[in-house]
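Input: a single structure, listed below in structure tokens.
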């Protein structure tokens, strides 16, 4: 695609986010909202007077939403190898020759009003998106481990049951929050194994909350500053610019 008209009076549409990327974004947003909502209730279950059965139900709902979140995230990771040029890792991960220079130039232009438009992620956004991906992957991995160690859900639940069970012939007797047929020593070992995962899951959750607020704020500010249809592009897949974006021919 070769656009040479740089007139500030002429806006041109540029395709950027393919359908898969857009679907990922909105499914990811909805599942994260659900996970945050249920997660906050779980964290405050004692204060809210939630019963043991209620807590198990909340964790079950949290896990099922988490499965959707994980499948969606896995598909996005795969799509980063096979999607269009703006969906691929090269367009997401910061670094490479000239990245720091591009970042400085983008920030200087953003402040001065001499904006450098990017069809895909601008250099500053790459830093943010990469951090978000790291946090999402950390939440997915630790969440799956916690699902197994807490309420014996797949993919690790059966392995955890076999670890802590007293009588292996009655492994199916094991139920969440029940001590029936549970070996105390092995259960204590399992809980010790679980501890670093829950620590990572909890702190990554708090960091993710902060990053989400910063991410949404940055999108709004960028939309106001650049008027490139950044938000609408999450629905239409297309941005608009008064001049050819820097990465139009990447």
Rounded to one decimal in nm, the spacing of the 7 Å Cα→Cβ label points at residue 12 and residue 235 is 2.6 nm
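Run lengths n ≥ 4 of DSSP H only: what is the helix-derived mean residue ellipticity at 222 nm for the chain, with -39500 (n - 2.57) per run over all residues, to the nearest 500?
Working: 8 runs with 158 residues, N = 250.
One gets -21500 deg cm²/dmol as the mean residue ellipticity at 222 nm.
For region 1-107, what is the per residue volume of the convex hull drawn over the alpha-carbon atoms, in cubic angstrom? Walk me through the numbers before you get to the answer.
On the way: hull volume 19.6 nm³, N = 107.
Given the Cα convex hull of region 1-107, per-residue volume reads 183 Å³.
How much length, in nm to one decimal, is gained on full extension between residue 23 and residue 40, taken as 0.36 nm per residue of separation minus their Cα-Cα distance? Don't skip to the answer; put the middle values down first.
On the way: separation 17, 0.36 × 17 = 6.12 nm, distance 2.57 nm.
Gain on extension, residue 23 to residue 40, equals 3.5 nm.
Output the Kirkwood hydrodynamic radius of region 47-156, Cα pairs only, in Å rounded to one decimal. Show your work: numbers first, answer last.
On the way: mean 1/r = 0.0594 Å⁻¹.
Taking the inverse mean of 1/r over all distinct Cα pairs, region 47-156 comes out at 16.8 Å.
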In whole angstrom, the spacing between the Cα centers of region 28-89 and region 178-196 equals 25 Å
Debye calc, one equal point scatterer per Cα of region 182-250, no solvent, log10 I(q)/I(0) at q = 0.11 1/Å comes to -0.54
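If you take all C-alpha pairs in the chain, what percent of them are over 33 Å apart?
On the way: 10758 of 31125 pairs.
Percentage above 33 Å: 35.
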Relative to the chain, whose Cα atoms define the longest principal axis, helix 19-43 and its Cα axis are tilted in degrees, nearest 10, by 40 degrees
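Coordinate-derived values only; no laboratory data. Everything numeric in this text was worked out from a predicted model, so none of it was measured. Please note: Cβ atoms are built from the backbone with ideal geometry, for glycine as well, and neighbour counts cover all protein chains shown.
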